[in-house]
Amino acid sequence: MNETGPIFGAMLREFDRAARILKLDPGIWRILTYPKRQIVVSCPVLMDNGEIEVFRGYRVQYNITLGPAKGGIRYHPDVSLDEVTALAAWMTWKCAVAHVPFGGGKGGIVCDPTRMSARELEALTRRYVAEIVDAIGPEKDVPAPDVNTNDQVMAWVMDTYSMHVGHTETAVVTGKPIEMGGSLGRREATGRGVMIVTREAAKHLGLDIKGAKVAVQGFGNVGSVSAELLAGIGAKIVAVTDWKGGVINPAGLDIPKLLAHAAKNKTVDGFPDADPLENDGLWGLDVDVLIPAALENQITMENAPQIKARILTEGANGPTTPDAHNHLHERGVFVIPDILANSGGVTTSYFEWVQDRHGYFWELDEVNMRLEKKMVEAFEDVLETSIKYKVDLRTAAYIVAINRVGMVTKMRGMYA
Ligand code: GLU
């Protein structure tokens, strides 16, 4: 065993279930349950009040068998080595399910970005990158945005790395501003992927997506784009909640208007053409599709029994606890697991990395067309596997991922 905790433990339970069904070779099994590298750094920062604070940062490269480590960097007070290691493992399986040539990584800094100035955040980002500079790079490990980090943070990552290596290196990070090597469509890609797999699931279940009722938790980058694009194909978004409050309108929320309201007020709360809704009130709604697109551990045995939705699309990473997932699966809820449902982000990160390395940039239509194709393929691979092995989609996604990473591990053989 390795020195992690309950979050990594939850990942291992999901992994072990799929590995058992696959009758995975015990040696390969052992290799795939260890993180390849865990880097821990201390980042001193001169704060605006003149004092020096030291922040703890992590970068975990869980597995690099299929290619460079890939995964975001999150800024949050609850970041831990346990969480970052689990998220890096999930990125490994996500990249394999998405069928992009990357391993899995994740980074995090223990901090509260809501209480830091832009200058402090820039200083912290640059110091963190300087501490891990030898471990990252286009061929080694390619970070991206995650919770509380955005394109501006990625611009600082790219600049700091470039200053150290002595030339501009755009492909060291994805999710950058378009003007400096970012890809068109990257910002919307996770939400677009959520829309695509939800549409495919509805097709599979014989549910008409036109007029289907949808409730969304979270109205950030993932939730808002998912809602907008699902409304665009005729679904009726009846409820949205966020960090502050929520809104419900059984006739369907006007999403363009809600987006404008949220852009102005930083919350959907107080939107005029709807009734207020508590976050707790979201789970039991009479809807066809439920999309948790906020944080981890939102759907638990406390609220899972209330869920009436036919499809649950996991826009966030780890929104459903393992017990709640089993309960929902037994009740026939079609759960589209995070490592499939939100893989549109990393898939388009792959497109960004390819464009940066070619120095040739694609039109938005081309990005979206390629994303559509890859998401549909990934959905079909997982669905076919779930039918073949008679398992839920989460276990099936792990089976697809373990097969791909495990097979290459075996082909490459043992060194030394
Ligand atoms: N942070 C995102 C995720 O969890 C994107 C990672 C990436 O694009 O590398 O999938």
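The table below gives the values:
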quantity	calculated
So Val100, is it assigned to a loop (DSSP other than H, G, I, E, B), touching a Phe, Trp or Tyr at 6+ places or on another chain (Cβ under 7 Å) and buried (at least 18 other Cβ atoms within 10 Å of the Cβ)	yes
When residues of region 78-93 are limited to those that are out of contact with any Ser or Thr (no Cβ under 8 Å at 6 or more places or on another chain) and in contact (Cβ under 8 Å) with a residue 60 or more places away in the chain, the one farthest from the ligand (Cβ to nearest atom)	Ser80
Test set (1) crowded, with 24+ Cβ neighbours inside 10 Å; (2) under 30 Å from Asn279 (Cα atoms) - Asp151 fails condition number	(1)
Any helices (runs of 4 or more DSSP H) falling wholly within region 295-362 and containing at least 1 residues that are more than 16 Å from the ligand (Cβ to nearest atom)	322-330, 344-358
So Val222, is it of a type outside the set (D, E, K, R) and within 19 Å of Asp338 (Cβ to Cβ)	yes
The lone exception for Val133 - which of (1) surrounded by fewer than 19 Cβ atoms within 10 Å (Cβ to Cβ); (2) touching a Cys at 6+ places or on another chain (Cβ under 6 Å); (3) of a type outside the set (Asp, Glu) it fails	(2)
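Residue by residue, here is whether (1) more than 16 Å from the ligand (Cβ to nearest atom); (2) surrounded by 21 or more Cβ atoms within 10 Å (Cβ to Cβ); (3) over 23 Å from Ser386 (Cα atoms) holds:
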position: Ile21; (1), (2), (3): yes, no, no
position: Val45; (1), (2), (3): yes, yes, yes
position: Asn63; (1), (2), (3): no, yes, yes
position: Cys95; (1), (2), (3): no, yes, no
position: Gly107; (1), (2), (3): no, yes, yes
position: Cys111; (1), (2), (3): yes, yes, yes
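Coordinate-derived values only; no laboratory data. These numbers come from a predicted model, not from an experiment. For neighbour counting, all protein chains shown are included, and Cβ atoms are generated from backbone atoms with ideal geometry for every residue, glycine included.
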